[in-house]
Amino acid sequence: MQRNNIEHSSLTIGVVAGTPTDTRFGLDFLAAREVAGIGVSISSSPQAQTQLQALGRVELTGRLIEAIQSLVEGGAEAAMIYCNSLSGAVDMPAVRAAVAVPVISPLDVYAELTRRYRNFGLLAANCQSCANIEREILSGNPSAKVIGIGNLQIVEDIEDGLSPAVIVQQHALDDLAAALVKSGVQILILGCTHFDYFYQELLSHCDGIRLFLPSERMLAMLQERLPVAA
């Protein structure tokens, strides 16, 4: 596991992500908001992360619990699962029961969205993640419609340092947003924390559809549970 440290405030949030890159994205997100963070990544690359999800749910849940406990030992007062794929692949109630601090994941945010929208677009790192997020949406709103796409190559391109503009163009994400609008989609969820990377670039191409990242709401939900951090 790779560890990273940023010290800015009295509250410290532990960030667990799939790769060192999205762990760093999570820590950078917190640092920009003057929140201290310590981070752990549970795999070395996007491919390794995808293969990790093929493990049994019990084993992967155990690894996540160990990662959070290591962060708590390092001073974390709450944990943010900064990875959509990981969040959907584990037994989150078991995770929360096993650790002594509040734990938040992107799926908690999507559960809130089900009360506001009916037609969802979803761009995720892989189809396993798409299925898990879709299941969360449908559990809160059985009449919801979800158009989902999993594309690990986008994640690998981000890890390789391609610019946001190149990624949007190369993967025709502007055309994807336009097609989803024609299909009646109201909101496009960027269901991978790597995708914060090109959010602003894609936003300029998203007429008629809301582009959504869960990070801000995840932090707000943790702060609501820990008034001292507000």
Please go through the range 155-230 and write out the trypsin sites (Lys or Arg not before Pro) that DSSP classes as loop and that have at most 11 other C-beta atoms within 10 Å. none
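Find me the longest stretch of the chain that has none of the exposed GluC sites (Glu not before Pro), where exposed means in a DSSP loop (not H, G, I, E or B) with at most 13 other Cβ atoms within 10 Å.
Here the longest run is 35-230.
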Measure off, as a whole percent, the carbon and sulfur share of the 1.4 Å-probe accessible area of the chain, all protein chains present. 50
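Kindly report the accessible area of the chain per residue (heavy atoms of protein chains, probe 1.4 Å, no ligands, DNA or RNA), in Å².
The answer is 42 Å² per residue.
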Taking a ≥ b ≥ c as the square roots of the Cα gyration tensor eigenvalues, with a/c under 1.5 meaning rounded and otherwise prolate when a/b beats b/c or oblate if not, the range 73-230 comes out prolate
Considering amide H positions built from the backbone, and no H for Pro or chain starts, which residues 5 or more places from residue 145, or on another chain, come under 5 Å of its amide H? 119, 120
Under 8 Å for C-alpha pairs, at least 6 residues apart: give me the relative contact order for the chain, rounded to a whole percent. 18
Helix axis angle, 57-73 relative to the chain longest principal axis, alpha carbon, degrees: 50
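The values are calculated or read from the model by the stated rules, or taken from the named source; none is laboratory data. On a predicted model such as this, the values are computed, not experimentally measured, just so you know. Cβ coordinates were reconstructed from backbone atoms using ideal geometry, including for glycine residues, and neighbour counts include every protein chain displayed. For accessibility, only protein heavy atoms count, side chains too; no ligands or nucleic acids. Shrake-Rupley method; radii C 1.70, N 1.55, O 1.52, S 1.80 Å.
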